[in-house]
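The values are calculated or read from the model by the stated rules, or taken from the named source; none is laboratory data. Everything numeric in this text was worked out from a predicted model, so none of it was measured. We place every Cβ from the backbone using ideal geometry, glycine too, and count neighbours over all the protein chains shown.
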Amino acid sequence: MDISNLAQQALQQLRPDNLASIFIYLILILSLVAVAVMPEKSVNSQYIMFVVIFFSIVDLLRGDGRSFPLPGFDNRGFATFLIHIGMFTLPLIAGGMVRRTSRKGGAALPVCLLVGLIGGIYAVGSFITPPTFYNVIF
């Protein structure tokens, strides 16, 4: 297989073309912001947010569920359910674990709560209405 063809397929998969991928990109970007504003003493919170970033990348590459060849990664699969619930609960846990020792870290809690809120809306929306949630094309 040609490497340039694989790269084009990966870029095609990562293109935000529906409402679900826009939510995932919001979660990804806000998780990076949350890691950036966390104080240095909150290493465990940063690791948890890195797991959220990993989950969002896996969910982006999963796409609509047809392109990922593993069972359980379709729109209503168990692995997808675990990833979506992780993107909802883990930012809330990380926000609760932030230890604010100085001026840095004051914005970490609100950003983590916002990531958790967006993750919750995404998780509920993707399981209640998956065909319309994944097929809204901009």
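Worth pointing out:
- Counted residues, segment 96-115 - those being part of a helix (DSSP H, G or I) and either over 11 Å from A34 (Cα atoms) or modelled with pLDDT under 90 (or both): 4
- Those residues of segment 1-38 which are among the polar types (S, T, N, Q), buried (at least 19 other Cβ atoms within 10 Å of the Cβ) and touching a Leu at 6+ places or on another chain (Cβ under 7 Å), in sequence order: S21
- Filter result (of a type outside the set (S, T, N, Q), part of a helix (DSSP H, G or I) and either free of Cβ contacts under 8 Å to residues at least 12 places away in the same chain or under 16 Å from G96 (Cα atoms) (or both)) within segment 26-42: I29, A34, V35, A36, V37
- Count of residues meeting criterion [closer than 21 Å to H84 by Cα and over 9 Å from the mean Cα position of the chain (by Cα)] in segment 1-28: 10
- Selection status of N75, surrounded by 15 or more Cβ atoms within 10 Å (Cβ to Cβ), modelled with pLDDT under 85 and either of a type in the set (S, T, Y) or in contact with an Asp or Glu (Cβ under 9 Å, 6 or more places away or on another chain) (or both): yes
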